[in-house]
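Scroll down for the structure; my scribbles are underneath it.
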Amino acid sequence: MDDGLAKSWAGARENATEERFGALVARVREYAIILLDSEGRVTSWNIGAERIKGYRADEVLGRHLSCFYPPEAGSGAAEEHLRIALREGYLAYEGWRLRKDGQRFWGNVAITPMLDVQGRLRGYLKITRDMTERKQAEEDLRSYANRLMSTSRRLLEVQEAERRRLAGELHDRVGPNLAALGMKLGLLEGALSAESLVAVAGMLEDSKVLLQETVAAARAVMGELRPQVLVDYGLVAALRAMAGGFSRRTGIEATVEGMDGAIQLPQTVELAFFRIAQEALNNVGKHSRAHRVSMRYAESGGLATLEIDDDGIGFDRENAEANAATGWGLIITRERAEAAGARFSLETGPGRGVRVRVAYRT
């Protein structure tokens, strides 16, 4: 076979292949498959392109691909995409595009330059898929998540307001009543004769002790409901006070490391850190069988972190999250952190203790 005949045969095979490929592409409906010349003008248009973009082939052949770009994309965006595809050999992106009737759709787009055997640009292959339904589902999910976050934040605000109200009630009503009761016990003791005092001395002493314990308990409850030390002295001082009270109640050694630094945390963030530490210590006291728990507060590079570690028995996190009570507690703690703009994480395992970490970046 001479060279001329061989070239003719090879050309015929190439043409037949291109024709079969063209016939296959023409029948594709899920993708807009478009051929562009080297300047970006449409030279081929399949049925998928007609379905997605709304143009018939005779309406769009010869038009520049910039007609599919919305105004906010800016002039020259289409040309820039072609330059990037040529330089990189391929370009994939997603964005809003226009149909013939002006409606928008979210397109998943891929552009590939087509070169001849000498490496010269012949044109571009542009494939677009309509991903509007997926985009809408993502936006609906994001909107739902934002609404949940807003509701969670509002619930936490209501919870804190109720805690402040209860602390105020204890301070304004229960506190004066307990003080009056102490005064009356003192007056009663002074009014009794020596003989009568001897008879009721034990009862009076028990009443005084009970009153002192009740006052101490009321102050402790008020401190948990409304941590005034947090407002007056800052987070680390409040953590130290919390750790001291925890150790006295449970016998578990609790330590605090760190000091308030240069970062001025928003009040909502400080309160979130405090409440998360409070919940972590409550869990240590109830479930961990720990001998020691440590809290570390640190600031570095604009990042404030609080870590709470215990040496207890730990737990299986998957089982805990599946359990309604413990799983709900973890969700609430995470949402408390996220509502304040912080990030919450937890590391544990059977026999490994628990590490709670909350971080906030300014």
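The values are calculated or read from the model by the stated rules, or taken from the named source; none is laboratory data. What you are looking at is a predicted structure, and each value in this text was computed from that prediction instead of being measured. Neighbour counts run over all protein chains shown; Cβ positions are idealised from the backbone, glycine included. Quick note on the areas: whole protein, heavy atoms, side chains included, nothing else; ligands and nucleic acids left out. Shrake-Rupley method; radii C 1.70, N 1.55, O 1.52, S 1.80 Å.
Hey, what number do you get for the chain at 222 nm if only DSSP H runs of n ≥ 4 count, each worth -39500 (n - 2.57), divided across all residues, to the nearest 500?
Details: 12 runs with 196 residues, N = 362.
Result for the chain: -18000 deg cm²/dmol, rounded to the nearest 500.
For Tyr31, the solvent-accessible surface computed with a 1.4 Å probe is close to 90 Å², ligands and nucleic acids excluded. Along the Cα-to-C-beta direction of Gln136, a point sits 7 Å from the Cα; which residues of region 77-108 have their amide N less than 19 Å from that point? 95-108, by backbone N distance to the label point.
Enter the angle in degrees (range 0 to 90, nearest 10) between the Cα long axis of helix 194-225 and the first principal axis of the Cα atoms of the chain, meaning the one along which they spread out most. Once rounded, the angle reads 10 degrees.
Expressed in nm², what is the orientationally averaged projection area of the convex hull enclosing the Cα positions of region 150-282?
Spelled out: convex hull of the Cα atoms, projected over all directions, averaged, 10.8 nm².
Between the helical axis of 324-339 and the longest alpha-carbon principal axis of the chain there is an angle of about 70 degrees. With all protein chains kept in place, the per residue accessible area of the chain amounts to 61 square angstrom at a probe of 1.4 angstrom.
P(r) tail for region 209-362: Cα pairs beyond 20 Å make up 50% of the total.
If you scale each eigenvalue of the Cα gyration tensor by 5 and take the root, what three semi-axes come out for region 197-247, rounded to whole angstrom and sorted largest first? Please list the in-between numbers first.
Working: eigenvalues 227, 19, 11 Å².
For region 197-247, the ellipsoid semi-axes come out as 34, 10, 7 Å.
Under 12 Å of direct C-alpha separation, and excluding same-chain neighbours fewer than eight residues apart, Lys53 reaches these aspartates and glutamates: Glu30, Asp101, Asp130. Computed over the chain, the Cα gyration tensor eigenvalues convert (square root of 5λ each) into semi-axes of 76, 22, 18 Å, ordered from largest to smallest.
When Thr268, Thr333, Thr112 are compared by accessible surface with a 1.4 Å probe, the order from highest to lowest is Thr268, Thr112, Thr333.
Using a probe of 1.4 angstrom, how much of the accessible area of region 251-362 is carbon and sulfur, in percent? Intermediate values should be presented prior to the final figure.
Working: 2910 of 5930 Å².
Carbon with sulfur: 49 percent of the solvent-accessible area.
With the whole protein complex present, Val198 retains an accessible surface near 120 Å², based on a 1.4 Å probe.
For region 30-99, what is the Kirkwood estimate of the hydrodynamic radius, computed as the reciprocal of the mean inverse distance between distinct Cα atoms, to one decimal in Å?
Values: mean 1/r = 0.0791 Å⁻¹.
With all distinct Cα pairs of region 30-99 included, I get 12.6 Å.
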